[in-house]
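So the structure is just underneath, and the comments pick up after that.
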Amino acid sequence: EPELEEAFTVAGYTESQAEESILIPGPAKVNHFIGGLKVNLSSSALIGLENGFKFYEVNPFQCLEQRSSAFLLSMSAGSLLKSFSYSPPDKDSYDFAVIEKIFLGEIEDFQNADGGFNLWKKSKDYTPYPNPYLTAHVTFILQLAKDSGYPVNQNVLKKSYEFLQNYIKSPGKEGYMYVLDSFS
């Protein structure tokens, strides 16, 4: 006979104190060879986003893919980040209080003249090699940000759309490497 599974959730809000109790039978009434009990407790509405934030704690890279994805997580979290005063666990972690600035404020530093985006900022060792997949990902997030009322540089967004439209018509010299990306 398959094990019986039961799930139970309690949620609430208080500005002072709240109590909840669970009655667990004593050891004499428990069959130690069947079933189990799993309890998850959280005092924060951020628990549902915990795995997303943990990813950025262990992957604090400042490439454009990481920045754009962290910004998307920040947009998804909405006012929860401010309400719960989330702060980075250390100096190398993403500070979601300024993610808008490090993504939207520095986006031009990742864009080529043709409108495509690179993983890393332009530097003295920089080689322009736009990535169509990254450009599609970032353009999607920029459009979501614009639709959500964030201050998106319209010239950057326009150039990225033009790059993608041109890429679909004529994929780059790298051959079939990005052909599947152009289908989507």
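For the stretch 1-50, what are the residues that are of a type in the set (Asp, Glu), exposed (fewer than 10 other Cβ atoms within 10 Å of the Cβ) and at pLDDT below 75?
Answer for the stretch 1-50, where residues must be of a type in the set (Asp, Glu), exposed (fewer than 10 other Cβ atoms within 10 Å of the Cβ) and at pLDDT below 75: Glu1, Glu3, Glu5, Glu6, Glu15.
Collect the residues in the stretch 146-157 that are closer than 14 Å to Glu108 by Cβ and in contact (Cβ under 8 Å) with a residue 12 or more places away in the chain, keeping them in residue-number order.
Residues satisfying the conditions are Pro151, Val152, Asn153, Val156, Leu157.
What number of residues in the stretch 105-136 are farther than 13 Å from Ser160 by Cβ, at pLDDT 90 or above and within 20 Å of the chain's Cα centre (by Cα)?
Count: 2.
The values are calculated or read from the model by the stated rules, or taken from the named source; none is laboratory data. These numbers come from a predicted model, not from an experiment. In this analysis, Cβ positions are derived from the backbone assuming ideal geometry, glycine residues included, and neighbour counts consider all displayed protein chains.
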